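First the structure, in the form of structure tokens, and then the observations on it.
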Amino acid sequence: MQRHRVVVIGAGFGGLFAIKALKKADVDITLINGTAYHLFQPLLYQVATGILSQGEIAPPIREVLKRQDNVDVRLGWASHIDVEKKIVSVEGPGVDYEVPYDTLIVAAGAAQSYFGHDQFADHAPGMKNIDDALELRARIFGAFEIADLQTDPEAIDRWLTFVVVGAGPTGTEMAGQIAELAHRNLPGQYKHIDPRKARIILVDALPAVLNTFGDHLSTRALRQLHLLGVEVELNTRVVGVDATGIEVETERGHERIPSMTKVWAAGVSAPPLARKLADAAGAKVDRAGRVFVEPDLTVPGHPEIFVLGDMMNLDDEHGQLLPGVAQVAIQGGKYAAGTIKNRLAGKPAGKPFKYFDKGSLATISRFSAVASIWKLRLDGFPAWLIWVAVHLFYLVGFKNRVTAVMHWAISFLGRGRSERVATVQQAFARRAIHEYGDPFERAREEAAASDEASRLSEQH
Ligand SMILES: Cc1cc2nc3c(=O)[nH]c(=O)nc-3n(C[C@H](O)[C@H](O)[C@H](O)COP(=O)(O)OP(=O)(O)OC[C@H]3O[C@@H](n4cnc5c(N)ncnc54)[C@H](O)[C@@H]3O)c2cc1C
């Protein structure tokens, strides 16, 4: 007899924790993920700034799940969901395939949003995946190298000006780390420039940094950023980004900041799959493309489809939208698995999903962080210690935890950055892919065009 088939789209926090919670369940799970690795996104900025290697935050999914017999890991991007026939269509690398399901868990995360200005991406990469982090690493370390070759003082300034857009946790961490790199790690390594002269500018349209952390911690974070030498431009809206600079509207009026290296950490939107699913299932999406779900995390009218994590729109008991953070996805994954197990055991439906907020953390530099945990507000070193403990706990794999601690010691106790290597391909692949196109997508389009040509010739 065929076992209950659970298909999971996405091996992020939501998908992975759902699968792990189904380890002993009498189900066959198929996991579909666009990459072969699980990504620990909160540490992406450390890959971009040369502290950690990409392998430390992105273990292979197969290795993570090697002791779980009821999972089949399949590489590919889910492109379509037929909610009537209960089939997921997947575009794999050169191989398209379909996977049938009895229960579907969709946890495909979020994509970077440029608020309708996707062209900014060419000049200001986001921070969503390993490609972004390695490209940024190439751009950041490359900027110091190229600055060292310049003779024109204006060109040196342009190469030594780094603009980070978005003063949420990712932007703040990124700005803090570039400042630490320039002012602490790199001085003494260049003969023609002084990296300490680098300008790191953090820009946000809102009037506060880390605005979700409340006034007290936001002010403390701002102070710590100033101590690090980061220039913080609040109430400042980015209206243009090009190869050599960034255009902003500030309280002082329109300004241009000459800068060769820009980082976009400003907005998120749900991936295209969210809208496709909503259209197919007759569900609604919010302005960011997230799918409105029932209190049990299922799509209205489709109790067999769960949507989790960054892709879902659900309010908490106070009417506040649940945030796009790892804990919402993790707890959602465990909740969906529990519901599936209850259903298979013939038990009545459990309570609605209730998010347990364990608190928020953001680092600013070595030994300096802010923590908001229940009623506790901490900053500086104590908050940083909590940050280290929490990140080590959730980092996947014992080996990764050990090597991450070693790399942190090198960067935070010493003055080194162990992972400075960046290749030409990492620096320029985005442009190459734009110009040439994704090779598998091209093959798909060529095959479709050839099918269409044979169909037309048969008709004649
Ligand atoms: C730079 C950064 C820093 C962050 N820092 C923090 C932090 O400090 N603390 C915190 O709590 N949260 C943080 N977050 C947010 C947190 O990482 C997310 O809330 C969490 O990862 C959401 O989990 P998820 O399972 O919904 O999606 P994700 O973890 O994003 O996983 C989605 C998965 O789906 C895959 N996928 C996407 N589309 C498809 C498709 N069509 N087919 C197949 N696979 C697909 C992706 O490859 C990915 O593996 C950060 C996020 C970023 C980007």
inquiry  = Can you compute log10 of I(q)/I(0) for segment 15-60 with the Debye formula, treating each Cα as one identical point scatterer, at q = 0.17, 0.18 Å⁻¹?
reply    = -0.60, -0.65
inquiry  = In Å and on Cα atoms, what radius of gyration and Dmax does the chain show?
reply    = 23.3, 77
key: residue 1 paired with residue 215, simple spin-label distance in nm, labels 7 Å along Cα-to-beta-carbon   = 6.3 nm
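If each residue of separation counts as 0.36 nm, what is the full-extension length gain between residue 67 and residue 401 once their alpha-carbon separation is subtracted?
Gain on extension, residue 67 to residue 401, equals 118.3 nm.
For the chain, what relative contact order do you get, as a whole percent, if you take Cα pairs closer than 8 Å and at least 6 residues apart? Mind dumping the intermediate values first?
Working: 878 pairs, mean separation 85.3, N = 460.
This gives 19 percent for the chain.
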inquiry  = Modelling each spin label as a point 7 Å along the Cα-to-Cβ direction, I'd like the residue 347/residue 145 distance in nm, to one decimal.
reply    = 5.7 nm
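May I ask you to derive the relative contact order of segment 1-115, considering only C-alpha pairs under 8 Å and at least 6 residues apart, and to give it as an integer percent? Each step should come with its number before you reach the end.
Details: 194 pairs, mean separation 38.9, N = 115.
Over segment 1-115, the number comes to 34 percent.
Output the peptides 72-82, 105-115, 443-453, 327-337 sorted from most to least packed, where packing is the average of other Cβ atoms within 10 Å over each peptide's residues.
Numbers: 72-82: 17.6, 105-115: 22.4, 443-453: 10.8, 327-337: 24.0.
The packing order, highest mean first, is 327-337, 105-115, 72-82, 443-453.
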message = Using the Karplus curve 6.51 cos²θ - 1.76 cosθ + 1.60 with θ = phi - 60°, what ³J(HN,Hα) values do you get for each residue of segment 249-255, in whole Hz, with x for Gly and Pro?
response = 9, 10, 5, 7, x, 7, 9
ask   = Amide H neighbours of residue 11 under 5 Å, counting only residues 5+ apart in sequence or on other chains, H built in-plane at 1.01 Å?
value = 34
note = Once the mean of 1/r over all distinct C-alpha pairs in segment 171-272 is inverted, the Kirkwood radius in Å reads 15.0 Å
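Have a look at the DSSP beta bridges in the chain and tell me what percent are antiparallel, nearest 5.
Values: 38 of 71 bridges.
The antiparallel fraction comes to roughly 55 percent.
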Protection-proxy order for peptides 91-97, 4-10, each taking the mean of Cβ atoms within 10 Å per residue, highest first = 4-10, 91-97
message = Tell me the Rg and the Dmax, in Å, that the Cα atoms of segment 265-380 produce.
response = 16.5, 51
request  = List, in order, the whole-Hz ³J(HN,Hα) value for each residue of segment 9-23 obtained from phi through the Karplus relation with A = 6.51, B = -1.76, C = 1.60 and θ = phi - 60°; use x for Gly and Pro.
outcome  = 9, x, 10, x, 4, x, x, 5, 5, 5, 5, 4, 6, 9, 3
Paramagnetic label zone (point 7 Å from Cα along Cα-to-C-beta, residue 184; backbone N under 13 Å) in segment 42-65 = 51
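Read the figures in this text as sums done on the coordinates, not as results from a lab. No experiment lies behind these values; they were computed from the predicted model shown. Because the Cβ atoms are built from the backbone with ideal geometry, glycine has one as well, and the counts that use them run over all protein chains shown.
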